[in-house]
Amino acid sequence: MDIKKVRTSDIELKDRLVSIQRVTKVTKGGRTFSFSAIVVVGNENGIVGYGLGKASEVTSAITKGIEDAKKNLIRVPVLNKTIPHAQEAKFSGALVLIRPAAPGTGLIAGGAMRAVLESVGIHNIIAKSKGSSNPHNLVKATFNALAQLRDAYTIAQVRGVSLDKVFRG
């Protein structure tokens, strides 16, 4: 899997909170509460990243998640507000399927996948989550699927042929 890392300079990123969970640790002195937040950031034009933040306060956890997400940015090929081809990917128990859709279809996805796809800037796609609905695993599986996408120009470069030959077969 070829992950295309991106630098954060000169990029206006918007963040989306995917999930926030309260975690309880029971000790001799009582219960200690902390929070974990999964955050997705993106410029809605092909660049997206995700991060996990943990802290004793909600706002601190979200801030840490945003900082972590900015370190894990990838570039995704977006053609006419959809993806170039169908892709399936898996992470742990979560299996995701994403397929390009015709203009006007809209974003058909749920929960954690929707937040990731909105942050990328994809508006016409059909996405299905199979298996686990755990937001951590769904976000990572969606990222695996998006990282495996390749556009025709990239395929032509890898094969060492012209762009016309890629489409003719």
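Any residue that is in a loop (DSSP other than H, G, I, E, B) and out of contact with any Asp or Glu (no Cβ under 6 Å at 6 or more places or on another chain) - is there at least one of those in segment 136-146?
Within segment 136-146, none of the residues are in a loop (DSSP other than H, G, I, E, B) and out of contact with any Asp or Glu (no Cβ under 6 Å at 6 or more places or on another chain).
Filter segment 52-89 for residues that are among the hydroxyl-bearing types (Ser, Thr, Tyr) and assigned to a helix (DSSP H, G or I) and give the result.
Once the filter is applied, which keeps residues that are among the hydroxyl-bearing types (Ser, Thr, Tyr) and assigned to a helix (DSSP H, G or I), segment 52-89 yields THR59, SER60, THR63.
What pairs come out if I take residues in segment 134-163 that are outside the structural domain of VAL18 (by TED's automatic domain parsing) and pair them with residues that are charged (D, E, K, R) and at pLDDT below 95 whose C-beta lies under 7 Å away, six or more apart or interchain?
none
Within segment 72-115, track down each residue that is within 17 Å of GLY131 (Cα to Cα), within 12 Å of the chain's Cα centre (by Cα) and charged (D, E, K, R).
Correct list: ARG114 only.
Does ALA112 fit the bill of being in a helix (DSSP H, G or I) and at pLDDT 95 or above?
No.
The values are calculated or read from the model by the stated rules, or taken from the named source; none is laboratory data. Given the structure is predicted, the values throughout are model-derived calculations rather than measurements. Ideal geometry is used to build each Cβ from the backbone, glycine not excepted, and the neighbour counts take in all protein chains shown.
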